[in-house]
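The values are calculated or read from the model by the stated rules, or taken from the named source; none is laboratory data. Source: prediction; values computed, not measured. In this analysis, Cβ positions are derived from the backbone assuming ideal geometry, glycine residues included, and neighbour counts consider all displayed protein chains.
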Amino acid sequence: MADREEMLVIPYRQLSVEALRGLIEEFVTRHGTDSGYTRGSLEENVTMVRRQLDAGQALVVFDERSQTCNIVPAETLRKDARKPF
């Protein structure tokens, strides 16, 4: 993961419905990663991620260095925040 100074948390509710749906779909269908979203249908996986966002268990982040958005577990950012510089 990028340095925390390069990561911006984006309030997902500020994204358009279409943009959020596209981001979630790209996340759950991403090849070459172990997202854990392989057991259900696309719709089931999208719903699971949306629930995680609603519950604050996952966050949308923007990486300034790579100019990309991603969805990450909130706990990952909390752990990174505890690491010393």
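List of remarks:
- Scan of the stretch 9-46 for residues that are modelled with pLDDT under 95, in a helix (DSSP H, G or I) and over 12 Å from the mean Cα position of the chain (by Cα), ordered by number: T29, L42, E43, E44, N45
Conditions (1) modelled with pLDDT of 90 or more; (2) small (G, A, S); (3) farther than 16 Å from G22 by Cβ; (4) in contact with a Lys or Arg (Cβ under 9 Å, 6 or more places away or on another chain), marked per residue:
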| position | (1), (2), (3), (4) |
| --- | --- |
| R51 | yes, no, yes, no |
| V60 | yes, no, no, no |
| T68 | yes, no, no, no |
| D80 | no, no, yes, yes |
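- Flag for E6 being surrounded by 13 or more Cβ atoms within 10 Å (Cβ to Cβ) and either basic (K, R) or at pLDDT below 90 (or both): yes
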